[in-house]
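Presented below is the structure to which this report refers.
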Amino acid sequence: MRFHFIRGNATSENSELDREELTRLQAFNAIFLDVQIAWVAGDMGSAAYALSPAQYASLQVGLALMKARYLRNEMKNVRIQSTRCVRKSQIRDWHERDIVFKVKAEDRRIHLDTGNVVKENLDEFSEVWTFIKQGSLHSDADFNHCPNCGEAVEFKKSPLCPACGVLRNSGQHGWVLSKITQYNEYSFGSSAESKDEATPTTRASA
Ligand SMILES: [Zn+2]
């Protein structure tokens, strides 16, 4: 069985998007797709590097419950239509971003025994993913090197750096997914950008 994923472009409704923010959105896109790949494979292990421990556990439980109902989720032709940040906040040196992914995919629930399609959704859908990170806002789009010691590490095998012992998914050394909210359950009342954080000074020319 093969899954075909199409890498989406990071886009924003904000035309004044600065380069740093764009790199960050691209990193979020990469994480989004890695999470889909792990989910479809039925084991979040390969995406653990980008999931908070609680989020990892929650998704693993979701997979186990689906399996208990003799179902698996097939996602084909996953295409990120747009990625935009709808909330930024900062508490002390912890940063938080709410990111809306608008996605098109062939999303099917398949019965494990019969192979029958139990449910199918071919429509576009949106989800709000909350990412957190401590310390510098710098985007670490490079998931092949330890953000702490620089060692070449295959984080898709384990979130633990064998060289320095850092856990990539602690949020202290890179953005991690802490929460997924369905778009229609998300409260956009707080969508105004937090004033806690200074507006980026470097902006791409319009
Ligand atoms: Zn390291």
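Pairing residues of region 145-168 that are more than 26 Å from residue 41 (Cα to Cα) with residues that are near the ligand (Cβ under 8 Å from one of its atoms) and acidic (Asp, Glu), at Cβ distances under 6 Å and at least 6 apart in sequence or on separate chains, gives 163/151. The residues of region 132-155 that are closer than 22 Å to residue 92 by Cβ and either of a type in the set (D, E, K, R) or in a loop (DSSP other than H, G, I, E, B) (or both), listed by number, are 133, 135, 136, 137, 138, 139, 140, 147, 148. Looking across region 92-106, the residues that are over 16 Å from the mean Cα position of the chain (by Cα) and over 28 Å from residue 122 (Cα atoms) come down to 92, 93, 94.
This table checks each residue for (1) assigned to a strand (DSSP E or B); (2) within 20 Å of residue 38 (Cβ to Cβ); (3) at pLDDT below 95.
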site: 110; (1), (2), (3): yes, yes, no
site: 130; (1), (2), (3): yes, yes, no
site: 157; (1), (2), (3): no, yes, yes
site: 174; (1), (2), (3): no, yes, yes
site: 179; (1), (2), (3): yes, yes, no
site: 195; (1), (2), (3): no, no, yes
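Residues in region 3-21 that are surrounded by fewer than 17 Cβ atoms within 10 Å (Cβ to Cβ) and modelled with pLDDT of 55 or more: 16, 18, 19, 20. Farther than 25 Å from residue 24 by Cα, in contact with a strand residue (DSSP E or B) (Cβ under 7 Å, 6 or more places away or on another chain) and among the aliphatic types (A, V, I, L, M) - does that describe any residue in region 63-74? Scanning region 63-74, I find at least one residue that is farther than 25 Å from residue 24 by Cα, in contact with a strand residue (DSSP E or B) (Cβ under 7 Å, 6 or more places away or on another chain) and among the aliphatic types (A, V, I, L, M), so the answer is yes.
How about region 62-94: which of its residues are assigned to a strand (DSSP E or B) and aromatic (Phe, Trp, Tyr)? Reasoning before the result, please.
To start, the set of residues in region 62-94 that are assigned to a strand (DSSP E or B) comprises 71-91, 94.
Within region 62-94, 94 is the sole residue that qualifies.
Of (1) out of contact with any Asp or Glu (no Cβ under 9 Å at 6 or more places or on another chain); (2) modelled with pLDDT under 90; (3) within 12 Å of the ligand (Cβ to nearest atom), residue 141 satisfies all except one. Which? All conditions pass for residue 141, except number (3). Once region 146-179 is narrowed to residues that are crowded, with 22+ Cβ neighbours inside 10 Å and of a type in the set (Val, Ile, Thr), the residue that is farthest from the ligand (Cβ to nearest atom) is 176.
The values are calculated or read from the model by the stated rules, or taken from the named source; none is laboratory data. None of the values given here were measured: they were computed from a predicted structure. Cβ sites come from the backbone with ideal geometry, for glycine too, and all protein chains shown count toward neighbours.
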